[in-house]
Amino acid sequence: MEKYAIYDSIYRSCTIENSKGRIAFFGVEAGGRDKDKHASYNVMLPGYGGVFGAFKKGLPTKNDITDGYAFYENNKGESIKYNFVDDKILSLELNKPLISDIYSIKLAIKTAPPTIWTREMPKKLKSRNELTLYKTQYKMPIAIHLPDFGTVEISADSDDVYCIEELQSSKDFTGLDLGFKNFGYSHNRMHGLHYGSSFLTFKSKKPLDKVTLTIRILDEKYPPLPEDGERYNGLKRNWFNAFALNRELFDLSDNIYFHGTGHLAIHMKSDMLQIVDENDESFDIIRKVYEKQVERTFKTCQAYDGEVSVSFYNREKKKDFGCSVDSTPGAIIALTGISNWNLPFAKKLLPYAIKAADFLMARDVDGDGIFEVDYPGDYHGQPAENGWQGNWWDDFCFGHKDIYFNYLTYRALRELSQLLERIGRPSLAKKYKEQLRKCKKAFVDTFYNPETGLMAGWISRNGKIHDYGFTFAVSMGINEGLIPKKLGRRMMKKLLAIMDKEGYGDLRYGIPGNVMPVAQSDTFDWPCMSDWGRYENGGLNGMNGYHFLTAMYNVGLCEEADKILFTIINTYEKELTQTGLMPGYCQSYDWRTKEGLPCGYNYLADNYYFLLSTYVGKFKMKHPSVNIK
């Protein structure tokens, strides 16, 4: 008898070890396009795999292997039949299963942590294992999303069956050192989780004589496309990767270890959830999770003055921590986005959003229409009265008149005023609209840099212009209608010319945040991640591609935009687009150098934000993130 029984299809590879009756190899390729992918990547942890509870202490004494199934039985009459129903479905027919462990699966985590979705909120359990990050009980069925590979649903034919997951890290890759400044929960307690495992145990509330578990590879999940074709394959594969689930708070963020409550990028999930497949209940579940996340953000992360920041989470709210960053306008944008699919929910939280908006209004300290932040922005590491400050591009000392903060604040007040008018509160909307008019009138005059012909990233309190060819400083302004189309087109062509001169080539790995090197005084001294061409200082990523590509379409550079968009999408189809959770600094593929070398440090779910430009930019789908006239 052969040592292994192999069952292959275009969607999966499955190998069963005949001597032990366990699944030794299981590869998934939900698109059915790349056989090498599912044939070379094992979802199961090597050496463990999937094990029938009855065979844990003893080995099967009888087996029967055919093309369609594999059957194993021990001398107690306990048996399992792996029935390969079709190319996507594998059923596990269990006879006389043990109540303690009906079946166990240990998933390998080599690229990124899987996300487990269920129709009901899971139950958090305590664990005595110091390496267990999260122990969670799920009601069946569960859907396990494996980034870059697809989603696998596991269901049972008995309501008594449930699943417990233990997400475990490796002892040798825990508490990785930040290097430059090893501070904060988010860094010095990080785990190299791709060296760990997700241990799933299927149990029953009562003894069962028979039970069937069904493993089904689900179709790729993405919003319906106005047209189809191979060039969209990377979008189909990766759209769902954006929704990484944090197990502790059950919310969406960059990855499963950062919670998204009061987060810098909280609004990006709202943008992507504006367009979904209404026939796919998975997105209904995601939207409900997201609604609870936004509600928690306002109720636990809002200070007495209206500012929203993760710094306020579970802290005394009568003290101003001075962290006015993207999370305040981001929270408003998130809520106004939710209003497009659940208006009653948004109206319930509207007082919080208005309080946050009034905080933002007060940021126009000098009354010139431009919003100022507390941090001076003169040089990196500058002592500040109100603490450290940063926007999404937190490698740099953005401060005072910060263009990224202004774009998000402008958008937040615009969308809030539109919502207020929609629900019959025009007088309150008028206050915000007047501020928007002032901001728009002053915007180009404030941030335009005649020396470069581009928009400055920030103007520090000492009056210095900090301009390094920030691509988003131009593209976000075009999409908001703050930069006239003719001027915007000229700027976009200039940015493309600089990128070509700098050797970025076809931009297959994404769009750089800046096209000129940032001065050492404006960033930190850590060559691994701050040298020119690495990470945020000229490195390439997908998040920034949304604003840039959408702006290209908006100013009429459609052919050029198509070429870049489909080049990046093709990269995301062919290559892994991230590498684990904290694999080590400069080792994650969510950021790359122009040569394609990794220069990130995490699993960045925001990396998939650029896919939205396909719908909003190329197909001109009406979307709240675009206000161009």
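The values are calculated or read from the model by the stated rules, or taken from the named source; none is laboratory data. Because the structure is a prediction, the values reported are computed rather than measured. In this analysis, Cβ positions are derived from the backbone assuming ideal geometry, glycine residues included, and neighbour counts consider all displayed protein chains. Quick note on the areas: whole protein, heavy atoms, side chains included, nothing else; ligands and nucleic acids left out. Shrake-Rupley method; radii C 1.70, N 1.55, O 1.52, S 1.80 Å.
With Rh defined as the Kirkwood radius, the inverse of the mean 1/r over Cα pairs, the Rg/Rh of the range 407-485 is 1.06. Largest first and in whole Å, the equivalent-ellipsoid semi-axes of the range 46-155 read 27, 19, 14, each the square root of five times a Cα gyration tensor eigenvalue. With the simple model of a label 7 Å out from the Cα in the direction of the Cβ, Ile423 to Lys56 spans 5.1 nm. Extension gain for the segment Ser170 to Thr66, taken as residue separation times 0.36 nm less the Cα-Cα distance, is 33.6 nm to one decimal. Restricted to Cα atoms, the range 223-278 shows a radius of gyration and a Dmax of 13.3, 39 angstrom. Show me, bin by bin at 10 Å from 0, the whole-percent P(r) of the range 345-437 based on Cα pairs. The calculated distribution, bin by bin, is 16, 43, 27, 13, 2. Both radii were evaluated on the Cα set of the range 521-629; the Rg over Rh quotient, with Rh as the Kirkwood radius, amounts to 1.02.
If you roll a 1.4 Å probe over the heavy atoms of the protein chains, what accessible area per residue do you get for the chain, in Å²? So the chain comes to 38 Å² accessible per residue, rounded to a whole number. Other residues with beta-carbon under 13 Å from the beta-carbon of Phe470 carry, at +1 per Lys or Arg and -1 per Asp or Glu, a net charge of -4.
Applying a threshold of 22 Å to the alpha-carbon distances of Lys269/Lys347; Lys76/Lys203; Lys355/Lys430; Lys88/Lys221; Lys20/Lys206 flags Lys20/Lys206 as lying beyond it. Note on the chain: with neighbouring protein chains present and a 1.4 Å probe, carbon and sulfur make up 49 percent of its accessible heavy-atom surface.
The structure-derived value of Rg and Dmax of the Cα atoms in Å appears in the list [x] 24.2, 78; [y] 25.7, 84; [z] 34.4, 111 under the label [y]. Sorting the segments 563-576, 127-140 by their residues' average number of neighbouring beta-carbon atoms within 10 angstrom, most packed first, yields 563-576, 127-140. Considering all alpha-carbon pairs of the range 516-560, what whole percent are spaced by more than 16 angstrom? Percent of Cα pairs beyond 16 Å in the range 516-560: 51.
Tally Lys/Arg at +1 and Asp/Glu at -1 over every other residue whose Cβ is under 12 Å from the Cβ of Glu295; what's the total? Local charge sum for Glu295: +3. Taking every pair of alpha-carbon atoms in the range 446-546, what share in percent sits in each 5 Å bin, from 0 to the bin with the longest distance? Calculated over all Cα pairs of the range 446-546, the distribution is 2, 13, 23, 24, 21, 12, 4, 1 percent.
Each label was represented as a point 7 Å from its Cα along the Cα-to-Cβ direction; for Glu281 and Glu451 these points are 6.0 nm apart. Here the range 43-84 is treated as a sphere whose radius is the Kirkwood value from Cα pairs; by Stokes-Einstein at 37 °C and 0.692 mPa s it diffuses with a coefficient of 293 µm²/s. List the pairs from Lys96/Lys205; Lys486/Lys563; Lys124/Lys348 whose alpha-carbon separation is above 20 Å, in the order I gave them. Check vs 20 Å cut-off fails for Lys486/Lys563; Lys124/Lys348.
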